[in-house]
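The values are calculated or read from the model by the stated rules, or taken from the named source; none is laboratory data. Not measured: the values here are computed from a predicted model. Note: ideal-geometry Cβ built from the backbone for every residue, glycine included; neighbour counts use all protein chains shown.
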Amino acid sequence: MAGGGTPADLDAAVTAAAPQGVRAVHPAMAVLEYFLVGYKRVWRGTVFSSFALPVLFFLGMGVAVGAYVDRGGNLDMPYLQFIAPGLLAFTGLQIAMMESGFPVLGNFKWHKIYFGMASAPLRVGDMLLGQLGYISLRVLVAATGFLLVMVPFGAIGSAWAVLTPLVAVLVGLAVATPMFAYSATVQSPNLMAIMFRFGMLPMMLFSGVFFPVEQLPGALQPVAHALPLWHGVELSRAAALDVNAAWPVAVHAGYLALWCVVGFALARIRFIKRLAV
Amino acid sequence: MTDGAPLISARGLIKRFGDFTAVDGIDVDVHAGEAFGFLGPNGAGKSSTMRMIGCVSPPSGGELRVLGMDPQRQGPDIRARLGVCPQEDNLDQELTARENLVTYARYFGIGRKVARQRADELLEFVQLSERAGSKVEPLSGGMKRRLTIARALVNEPDIVMLDEPTTGLDPQARHLVWERLFRLKQRGTTLVLTTHYMDEAEQLCDRLVIMDGGAVAAEGSPRELIERYSTREVVELRFGTDALEPYASKLDGIGARVEVLPDRILLYADDGDTAVPAVYERNLTPSGVLVRRASLEDVFLHLTGRTLVEA
């Protein structure tokens, strides 16, 4: 091998400055490609569920529960319209969190995929960007499916609704990045389950998806405001229905971007630490 | 072959994990075109050394240059020119053999067409062409190891690093791996491997260091090491289930040296065929006698007082 080179050629190669061949693909893009090759095997199932899930949600929560809620007349819109954009944002969060939980832990602990990547000329940043890119695509596909289902249910009130899948991606990344850091730190699958039970589930319940956060006791409202999902729900609802978000759009988006940046930095630190054995 | 700058050069290289020193100040030079081995028992510091050379584990002290570069600052540039076959296979079990090679080639920035072409050539080289389209998961251990070796060659590396390449494989699978590695050697590929099998080291390595407890105990070609630390031949004597120490003292003077193992006595002599009659002349009647050539196992035993297996 070694390009069929003789030992003399190799010596010359050593003394010359490291020859940096032209890369045909960016390292992060190569990582994204790797995840997409794996996704080829399961994409049908995920596309199916991204249509089936919202249909179930809308029939159960929107139509059935909605009939009750709308009788009370406490919302200034049909209940189904109220929850649909929030559920869309939550769907993005859920996929992102799932994909950055066990799969990340497994790539360290069981399949050792990251160790194989680390032996190639990839930087940790490339590995993170590539996999986060994959997760973004997954969220984008699912949220777009969700949005398409919203149309026949009459849950869309504005052309701005086309932006909701992007909101879902932003929320997804805001939770995926710190989740990467968490998954790169823990050793036990049990700790992963705890994060879903006590992180994701409460977030779904108290982030204004099913009822306005103003309904929460006063002390709990700042907690809801601190959670990334609430900001995503506000943005998603504002886009889908052309209503005002609770805070300026830039503040909601900026807050989510902050989670992404801090989460990415933490993930990078934890990855470097776990890989350097 | 040993002219010119070494591809790998370590001076006083140290790796610590907390209070534990895994690699304790080793000096190593690996030159282009040679097959270089780290021979030693588990825990000798071989894999830690390999990971430092592979630029995935930062050294705790000492100097290390790989391909003339600094692993701390130029890790990706160095790794671009290394091929790494780790001790534990880290292939993607869900992808096919070919997909594993192509996706890995892309990490090196290799174009899609070239990556596919190279994957097919390498599958041919490691005799896995018929399994190119099958998932990795059901492949045998030997096949997975050969696939990992193929993956390590996908960037046409200047140095191929193999950490325990045949550990855990059955004898037939081992021979197939050895044969492939020998082919690489013939092509002039620089190989760096770790092993705790002395037969592997003898077959594949032009030069090796024997490691024990994080330090280099000896360095040289297998032949040099045997000449330096052992006699040419060894007589293995068994005495049923008797205690062996009393016999050992009666063997004094027959050979150069006597080693007592739990199940047998090793009598080191340059000529086994003259040593064996001398044993019987002393009225000793061993239940088993075997004359063999000295091996690296004997070198290790002499240097550390332990066998590679028990160490």
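Observations
- So B:ARG65, is it of a type in the set (D, E, K, R), touching a Ser or Thr at 6+ places or on another chain (Cβ under 9 Å), touching a residue at least 24 places away in the same chain (Cβ under 8 Å) and crowded, with 24+ Cβ neighbours inside 10 Å: no
- Some residue of the stretch A:204-211 being among the hydrophobic types (A, V, I, L, M, F, W, C), closer than 19 Å to A:GLU99 by Cβ and within 14 Å of chain B (Cβ to nearest Cβ): no
- The number of residues in the stretch A:222-247 that are without any contact (Cβ under 8 Å) to a residue 12 or more places away in the chain and closer than 19 Å to A:LEU201 by Cβ comes to 1.
- Within the stretch B:29-40, no residue that is not assigned by TED's automatic domain parsing to the domain that holds B:TYR197 sits with its Cβ atom under 8 Å from a residue that is buried (at least 23 other Cβ atoms within 10 Å of the Cβ) and modelled with pLDDT under 95 at 6+ positions apart or across chains.
- When the stretch B:243-277 is filtered for residues that are more than 19 Å from B:LEU303 (Cα to Cα) and in contact with a Phe, Trp or Tyr (Cβ under 8 Å, 6 or more places away or on another chain), only B:TYR247 remains.
- Out of B:GLY83, B:GLY75, B:GLY33, sole residue that is under 26 Å from A:HIS26 (Cβ atoms) and touching a Pro at 6+ places or on another chain (Cβ under 7 Å): B:GLY83
- Scanning the stretch B:103-138 for residues that are of a type outside the set (S, T, N, Q), more than 10 Å from every other protein chain (Cβ to nearest Cβ) and part of a helix (DSSP H, G or I) yields B:ARG116, B:ARG118, B:ALA119, B:ASP120, B:GLU121, B:LEU123, B:GLU124, B:GLU130, B:ARG131.
- Count - residues of the stretch B:53-73 that are more than 7 Å from chain A (Cβ to nearest Cβ) and part of a loop (DSSP other than H, G, I, E, B): 7
- For the stretch B:75-84, a tally of residues being within 7 Å of another protein chain (Cβ to nearest Cβ) and in a helix (DSSP H, G or I) returns 3.
- Single residue of B:GLY45, B:GLY25 found to be out of contact with any Asp or Glu (no Cβ under 9 Å at 6 or more places or on another chain) and more than 13 Å from every other protein chain (Cβ to nearest Cβ): B:GLY25
- Every listed requirement among (1) surrounded by fewer than 22 Cβ atoms within 10 Å (Cβ to Cβ); (2) in contact with a Ser or Thr (Cβ under 6 Å, 6 or more places away or on another chain); (3) not hydroxyl-bearing (Ser, Thr, Tyr) is met by B:ARG232 save one, (2).
- Scope the stretch A:99-141; condition in a loop (DSSP other than H, G, I, E, B), at the interface with chain B (Cβ under 10 Å from one of its Cβ atoms) and in contact with a helix residue (DSSP H, G or I) (Cβ under 8 Å, 6 or more places away or on another chain); matching residues: A:ALA120, A:PRO121, A:LEU122, A:ARG123
- Exactly one residue out of B:GLN87, B:GLN93 is outside any strand (DSSP E or B), more than 16 Å from the chain's Cα centre (by Cα) and not hydroxyl-bearing (Ser, Thr, Tyr): that is B:GLN93.
- All conditions in (1) under 10 Å from the mean Cα position of the chain (by Cα); (2) more than 20 Å from A:PHE58 (Cβ to Cβ) hold for A:GLY106, with the sole exception of (1).
- Checking B:ASN90, B:ASN100 one by one, the residue that is polar (S, T, N, Q) and at the interface with chain A (Cβ under 7 Å from one of its Cβ atoms) is B:ASN90 and no other.
- Checking each residue in the stretch B:1-32 for being in contact with a helix residue (DSSP H, G or I) (Cβ under 7 Å, 6 or more places away or on another chain), in a loop (DSSP other than H, G, I, E, B) and surrounded by fewer than 23 Cβ atoms within 10 Å (Cβ to Cβ) picks out B:MET1, B:GLY4, B:ALA5.
- Residue match in the stretch A:57-71 (condition: in contact with a helix residue (DSSP H, G or I) (Cβ under 6 Å, 6 or more places away or on another chain), in contact (Cβ under 8 Å) with a residue 40 or more places away in the chain and among the acidic types (Asp, Glu)): no
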